[in-house]
Amino acid sequence: MIFWISNFCIGIGLIFWVWGTLPLLGDRSILFKLHSLSVSDTLGSMAILFGLLLKIPREWPLLILALIALALWNTVLGYVLAYCSLNKTSS
């Protein structure tokens, strides 16, 4: 049963990766594209890591560390990208 659940989580993660890549082909703004890509990439990567955690539970410290680092890194990266995209006019 765990085998099927872990494969399901990994499959959902791959679907999120592809789903986040598709808006890059559209005509929306670059910020919308970056937002959709970063959110779906984070969710997909977390689902894959959770599936790996179910497959190889003996590696739980590294996988939990990877989940925490992924959540923190992508959150900070989103704020940095939003800050850098602001139009700053010098006086």
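The values are calculated or read from the model by the stated rules, or taken from the named source; none is laboratory data. Since the model is a prediction, treat every value here as computed from it, not as a measurement. Cβ placement follows ideal geometry from the backbone for every residue including glycine, while neighbour counts extend to all protein chains displayed.
Quick rundown of the values:
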quantity: Residue list for the range 3-56, restricted to those being of a type outside the set (D, E, K, R), surrounded by fewer than 17 Cβ atoms within 10 Å (Cβ to Cβ) and at pLDDT below 90; calculated: 21, 22, 23, 24, 25, 26, 29, 30, 31, 32, 38, 39
quantity: Within the range 69-91, considering residues that are small (Gly, Ala, Ser) and exposed (fewer than 10 other Cβ atoms within 10 Å of the Cβ), the one modelled with the lowest pLDDT; calculated: 91
